[in-house]
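Report on the following structure.
The values are calculated or read from the model by the stated rules, or taken from the named source; none is laboratory data. It should be emphasised that the depicted structure is a prediction, and the values quoted were computed from it without experimental measurement. Cβ placement follows ideal geometry from the backbone for every residue including glycine, while neighbour counts extend to all protein chains displayed. Accessible surface is based on the protein model in full, side chains and every heavy atom, while ligands, DNA and RNA are left aside. Shrake-Rupley method; radii C 1.70, N 1.55, O 1.52, S 1.80 Å.
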Amino acid sequence: MLQKTISIPKNLQHTKQLAEQKAKEELHQVRSQVSEEVIEVKVEGRDLNQEILDDMFSQVKDHFQKLGKSMELAILGQAMKMKGDAVVLDVMGHVQEELALKMKPELVRIIREIGNVNHFKVEIELKEELESERNKLYTSTDKFNFLKEKHAALGEFQRRFGLETDF
């Protein structure tokens, strides 16, 4: 089997493209390993709802904390919510999506054991991180003007005390 050679990036944009492409390939591999079907569990017990989920949330977090799985804890730190009969995990970016897909079977098992629940599924929602549309604040003047927009009193202080941002 021939290994794919790594291309050397020409600039920062090309580096970002290569990194995104690699992340997408790894995500595709994980998705092929963990079936895309929503995992359904049927056990003699009760139906899962938001109240039951909230009651056992700390126990689920404790389980992952005892195992030292900090990345999974970061995903659970964004809280789990019910949408219909599905537990929805919000993830930020492809790395967390990949981790959530890997932890999904274990999460189902834990919820089933702790809550003695009847029927539920686990879904993952990808929330893309939005880059700020504002310009980056590099100079002292830019930073001060930005803060002045948020807090009008700064303009009054600047006028009253003769403050200068550039010296």
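Couple of notes before you dig in:
- Residue in segment 95-113 that is small (Gly, Ala, Ser), surrounded by fewer than 16 Cβ atoms within 10 Å (Cβ to Cβ) and under 30 Å from Lys16 (Cβ atoms) present: no
- Residue within segment 23-33 that is loosely packed, with under 12 Cβ neighbours inside 10 Å and either small (Gly, Ala, Ser) or modelled with pLDDT of 85 or more (or both) present: yes
- Members of segment 49-94 that are open to solvent by 40 Å² or more (accessible area, probe 1.4 Å), among the small types (Gly, Ala, Ser) and in a helix (DSSP H, G or I): Ser58, Ser70, Ala74
- Check on Glu123, closer than 26 Å to Ser58 by Cα and assigned to a strand (DSSP E or B): yes
- Tabulated pairs, segment 136-148, first without any contact (Cβ under 8 Å) to a residue 60 or more places away in the chain and open to solvent by 70 Å² or more (accessible area, probe 1.4 Å), second assigned to a loop (DSSP other than H, G, I, E, B) and of a type outside the set (Ser, Thr, Tyr), C-beta under 9 angstrom, 6+ apart or interchain: Lys143/Leu137
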